[in-house]
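A.B. asks: The structure under discussion is supplied below as structure tokens; questions concerning it will follow.
The values are calculated or read from the model by the stated rules, or taken from the named source; none is laboratory data. Bear in mind that the values here come from a model prediction, so they are computed numbers and not experimental data. As a convention, Cβ positions derive from the backbone with ideal geometry for all residues, glycine included, and neighbour counts pool all protein chains shown. Quick note on the areas: whole protein, heavy atoms, side chains included, nothing else; ligands and nucleic acids left out. Shrake-Rupley method; radii C 1.70, N 1.55, O 1.52, S 1.80 Å.
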Amino acid sequence: MDLPFSPTMPDSYAVIGHPIAHSKSPLIHGLFAQATGQDMTYQAIDGGAEAGGFDRALAAFRAAGGRGMNVTLPFKLQALAAADVASEDARLAGAANALRFDADGRVQAQNFDGIGLVRDIQVNLGLPLAGRQVLLLGAGGATRGALLPLARAGAARIVLANRTAAKAQALADELAPHLPAGCTLLGGGLAELPSGAAFDLVLNATSASLGGDTPAVPAAAFAPGALAYDMVYGKGLTPFLRLARAAGVARLADGVGMLVEQAAEAFAWWRGVRPDTTAVRQRLTVPLV
Ligand code: ATR
């Protein structure tokens, strides 16, 4: 007897990067799918090091019926270039970390890194950003992605401080016109912080932690009760967090919450249901010791 329905394939998603073996995305999205009862698969794709590898892998995944992709290093710029429609966050970041392949054939691009960061700070770590003074260390891709969402959340002043002062100045000049009224943006070198300035939130968006280094933030830059946040994750107490602790900062966080929250945003964008992140964050947390 024929069945009254034909079985359908689960919707297919992936993360693409190079290298990709270290990625936590398949674990995170697998746990989200299980918790929300979504019928979907999620695989890791290595886009390779050769020119054109990303575009070929993207085309093959779409041809096989893929519905969406997370994108990680080094393909975030290419992902934006491959999109027909990009969100403001993705355009201003100059990079996309999530793609969706819509039924009308269009490729939609988003960048959820900044939104994930803001949600982690405000919801998980309990620091409302409205009216806050923020020191953002670095002037690369991570800073670009964080800036607009921090401003949109109501930060009163954001100071970009970078090892190479000119890069932070240029980034501040470029992005200042896009910030909401009420948020002041300054850019410069770490040695030229506004005198007497103390910050409620000090974010390390440099890649210094990866090399076991830290930008030299003066102890006076941390306001009483400040949160020190390192965007890297899974490395325990990084040199930046150690510096903050030595300066008397009690509230320390790494980027595990940002990682899981940006994944939850992508999941919600694809599936229309936002997973609770608590259990996944706990599972991936490495103690800050
Ligand atoms: P990403 O896209 O990950 O942000 P990037 O664009 O290469 O990477 O930017 C890396 C950032 O980390 C830069 O702001 C860099 O400072 P410079 O512009 O002066 O190079 C910063 N950075 C890297 N290593 C650092 C270190 N050891 N100390 C301070 N800043 C560092």
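A.B. asks: Relative to the present Cα-Cα distance, how much length would full extension add between ALA49 and THR278 at 0.36 nm per residue of separation?
C.D. replies: 78.9 nm
A.B. asks: Which of rounded, prolate, oblate describes region 65-107, given a ≥ b ≥ c as roots of the alpha-carbon gyration tensor eigenvalues and a/c under 1.5 marking rounded, otherwise prolate only if a/b is larger than b/c?
C.D. replies: Cα axes put region 65-107 in the oblate bin.
A.B. asks: Hey, another quick one. Out of the DSSP beta bridges found with both residues in the chain, what percent are antiparallel (nearest 5)?
C.D. replies: Of all bridge pairs located within the chain, approximately 15 percent are antiparallel.
A.B. asks: Can you figure out the FRET efficiency of ALA250 with VAL286, using R₀ = 25 Å and their beta-carbon distance, to the nearest 0.05?
C.D. replies: Step by step, r from the Cβ atoms, then E = 0.85.
A.B. asks: What share of the DSSP beta bridges in region 11-111 is antiparallel, in percent to the nearest 5?
C.D. replies: 35 percent
A.B. asks: Looking at region 114-257 from every direction and averaging, what is the projected area of its Cα convex hull in nm²?
C.D. replies: In nm², the orientation-averaged hull projection of region 114-257 is 7.4.
A.B. asks: Would you be so kind as to identify which of LEU135, THR278, PHE112 lies farthest towards the positive end of the dipole of the chain, taking Lys and Arg as +1 and Asp and Glu as -1 on Cβ and the Cα centre as origin?
C.D. replies: So the residue furthest toward the plus end is LEU135.
A.B. asks: Now for a separate question. So how far apart, in nm, are the two label points at ALA21 and THR36 if each is 7 Å from Cα heading toward Cβ?
C.D. replies: 3.1 nm
A.B. asks: Nearest 10 degrees is fine. How inclined is helix 141-152 to the longest principal axis of the chain, computing both from alpha carbons?
C.D. replies: 80 degrees
A.B. asks: A further question follows. For region 246-289, how big is the tail of P(r) above 14 Å, as a whole percent of Cα pairs?
C.D. replies: Summing the P(r) of region 246-289 above 14 Å gives 56 percent of all pairs.
A.B. asks: Suppose R0 equals 22 Å. What FRET efficiency, 1/(1 + (r/R0)^6) with r the Cβ-Cβ distance, do ASP104 and LEU73 give to the nearest 0.05?
C.D. replies: Efficiency, from the Cβ-Cβ distance: 0.15.
A.B. asks: What figure, in Å² to the nearest 10, do you get for the accessible area of TYR233 with a 1.4 Å probe and non-protein molecules left out?
C.D. replies: Around 80 Å² of this residue is reachable by solvent.
A.B. asks: Using a 7 Å offset from the Cα along the Cα-to-Cβ direction at both ASP213 and ALA166, what is the distance between the two label points in nm, to one decimal?
C.D. replies: The modelled label-to-label distance comes out at 1.9 nm.
A.B. asks: Now a separate question. Quantify how much of the Cα-Cα distance distribution of region 11-111 extends past 23 Å, in percent.
C.D. replies: 21 percent
A.B. asks: Considering only protein heavy atoms, what per residue accessible area in square angstrom results for the chain with a 1.4 angstrom probe?
C.D. replies: 45 Å²
A.B. asks: Same structure again: Mind listing P(r) for the chain? All alpha-carbon pairs, 10 Å bins, whole percents.
C.D. replies: P(r) for the chain, in whole percents per bin: 6, 28, 34, 22, 8, 2, 1, 0, 0.
A.B. asks: Which cross-chain or sequence-distant (5 or more) residues have an amide H under 5 Å from the amide H of ASN97, H modelled 1.01 Å from N in plane?
C.D. replies: Placed amide hydrogens put GLN110, ASN111, PHE112 under 5 Å from ASN97.
A.B. asks: Using a 1.4 angstrom probe on heavy atoms only, work out the carbon and sulfur share of the accessible area of the chain in %.
C.D. replies: Carbon and sulfur together cover 54 percent of it.
A.B. asks: If you take every DSSP beta bridge fully contained in region 75-183, what fraction is antiparallel? Give it as a percent rounded to 5.
C.D. replies: 35 percent
A.B. asks: How do LEU259, LEU175 stack up against each other in accessible area, from largest to smallest, with a 1.4 angstrom probe?
C.D. replies: Order by accessible area, largest first: LEU259, LEU175.
A.B. asks: What angle, in degrees between 0 and 90 and rounded to the nearest 10, separates the Cα long axis of helix 165-175 from the longest principal axis of the Cα atoms of the chain?
C.D. replies: It works out to around 60 degrees.
A.B. asks: Taking θ as phi - 60°, what are the ³J(HN,Hα) couplings along region 78-84 by the Karplus curve (6.51, -1.76, 1.60), each to the nearest whole Hz, with x for Gly and Pro?
C.D. replies: Once rounded to whole Hz, the list reads 5, 5, 5, 5, 7, 8, 7.
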